[in-house]
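The values are calculated or read from the model by the stated rules, or taken from the named source; none is laboratory data. Please read all numbers here as calculations on a predicted model, not as lab measurements. All Cβ positions, even for glycine, are placed from backbone atoms using ideal geometry, and neighbour counts span all protein chains on display.
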């Protein structure tokens, strides 16, 4: 016998926020490992982004980019 699945929008929102925070943290680690100097403004931009698709796109670009402009288009 299986129990019914209960979904809660508030809990789902917290889980999504946690995923985004993890993606942002890893992106900032990759940038640091690649030797990029991340400004406070850019750090806030990354940390405040809740769009995991966007964070993943930035992360993919960060692997081979030669500048922060190539990643974030500043």
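Numerical summary
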| item | result |
| --- | --- |
| Residue in segment 11-24 that is on the phi < 0 side of the Ramachandran plot, assigned to a helix (DSSP H, G or I), surrounded by 15 or more Cβ atoms within 10 Å (Cβ to Cβ) and at pLDDT below 90 present | yes |
| Where a residue in segment 61-74 is on the phi > 0 side of the Ramachandran plot and exposed (fewer than 10 other Cβ atoms within 10 Å of the Cβ) and its partner, wherever it lies, is at pLDDT 95 or above and outside any loop (DSSP other than H, G, I, E, B), with Cβ under 6 Å and at least six apart | none |
| Count of residues meeting criterion [surrounded by 13 or more Cβ atoms within 10 Å (Cβ to Cβ) and part of a helix (DSSP H, G or I)] in segment 31-56 | 10 |
